[in-house]
Amino acid sequence: MAVGWAQDGAVQEQIDANVADAVKRVREQMQSGESLTHCEECDEPIPEARRKAISGVRLCIACQQEAEKERASTSLYNRRGSKDSQLK
């Protein structure tokens, strides 16, 4: 059953699109290959346990946390914020 101006299945299509976008972003951010022994940002040694746990690691924990903060603050358009206005 459609709600307002939305077509049947519009809510599920919106959910599927959000999930697909999130999976695509994560796959693009995944690293592969051999891990570095020193951080490419600050040149601090990367602990061996981290190098073994994450293949292709390039940053130390502190620099990785900072990069994730920056990435979160510059995230893409949030579809969920406008979902109600689009579906009604």
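Compute the signed sum of charges (Lys and Arg +1, Asp and Glu -1) over the other residues within less than 12 Å, Cβ to Cβ, of Arg71.
So the surrounding residues net to -2.
Taking the beta-carbon count within 10 Å as an exposure proxy, list Arg25, Arg51 from fewest neighbours to most.
Fewest-to-most ranking of Arg25, Arg51: Arg25, Arg51.
Cβ under 15 Å from Met30's Cβ, Met30 left aside: what net charge do those residues give with Lys, Arg +1 and Asp, Glu -1?
Combined, the nearby Lys, Arg, Asp and Glu give +2.
Starting with the fewest neighbours, write out Ile54, Ile46 ranked by other beta-carbon atoms found within 10 Å of each beta-carbon.
Going from least to most buried by this count: Ile54, Ile46.
Taken together, the values in this text are just the output of simple stated rules run on the coordinates, not laboratory data. The model shown is predicted, which means the values in this text are computed figures rather than measured ones. Ideal geometry is used to build each Cβ from the backbone, glycine not excepted, and the neighbour counts take in all protein chains shown.
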